[in-house]
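Take a look at the structure below.
What follows draws every value from the coordinates through simple rules; no lab data is involved. Here the structure is a predicted model, which is why all the values come from computation and not from measurement. Positions of Cβ are generated from backbone atoms using ideal geometry, with glycine treated the same way; all protein chains shown enter the neighbour counts.
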């Protein structure tokens with residue numbers, strides 16, 4: 001069981017535009033050609049921040065009575081937020097707030113031996129890292145630049161550096177980088 005940040009980023013290190021759009025991402029390739037189908041099969045629980053959940057709601061909630069898409073996850077999902085959001089019918093979505101380490105053990109137990117996926121955003125992944133709870137990162141780097149937006153990982157991490165495990169070419173628009181995050185001395189439970 002691992003806690004893994006799996007995401008896509010632009011060449012200049014942004015996972016979304018300033019207004020949380022992912023429109024830049026989808027023209028770059030088909031998700032079924034990436035490592036996602038194999039990855040999601042290893043996931044037993046998910047964590048996401050409020051902006052990611054809000055984006056997911058915009059994709060799934062009905063417009064004029066017609067659902068855009070169904071909730072894509074069967075796994076329980078923890079949404080870290082201080083705001084109130086609607087739930088999603090037939091989805092196991094749990095709204096939480098506070099330090100990630102207070103919720104991590106519950107997520108691990110619910111994952112039943114499978115991995116915990118930090119879906120987004122970058123700051124939430126950083127909070128898991130700061131608490132010493134982030135084991136790996138799988139980053140699909142898209143062949144575009146955004147100039148500004150939501151940072152991939154808004155933390156300075158220089159020592160120890162992340163350890164590159166593999167690099168994979170995915171279609172004409174992506175390189176997938178898989179990293180192990182070494183245990184940091186002094187990782188706190190704050």
Which whole number in µm²/s is D for the stretch 98-165 by Stokes-Einstein, with the Kirkwood Rh taken over Cα pairs at 25 °C and 0.890 mPa s? 178 µm²/s
Plugging the Cβ-Cβ distance of residue 167 and residue 21 into 1/(1 + (r/R0)^6) at R0 = 35 Å yields, to the nearest 0.05, a FRET efficiency of 0.80
Could the peptides 144-156, 114-126 be put in order, highest first, of the mean number of other beta-carbon atoms found within 10 Å of their residues? 114-126, 144-156
Taking every Cα atom in the stretch 54-156, find the radius of gyration and the maximum pairwise distance Dmax, and write them in Å. 15.4, 45
Could you rank the peptides 82-93, 170-181 by their average count of other C-beta atoms within 10 Å per residue, with the highest value first? 170-181, 82-93
Restricted to the chain, the DSSP antiparallel beta bridge percent, nearest 5, is 45 percent
Tell me, Kirkwood radius of the chain from alpha-carbon pair distances, in Å? 17.2 Å
Taking the chain as a Gaussian network, where each spring joins two C-alpha atoms under 10 Å apart, which residue of 159, 21, 34 fluctuates the most? 159
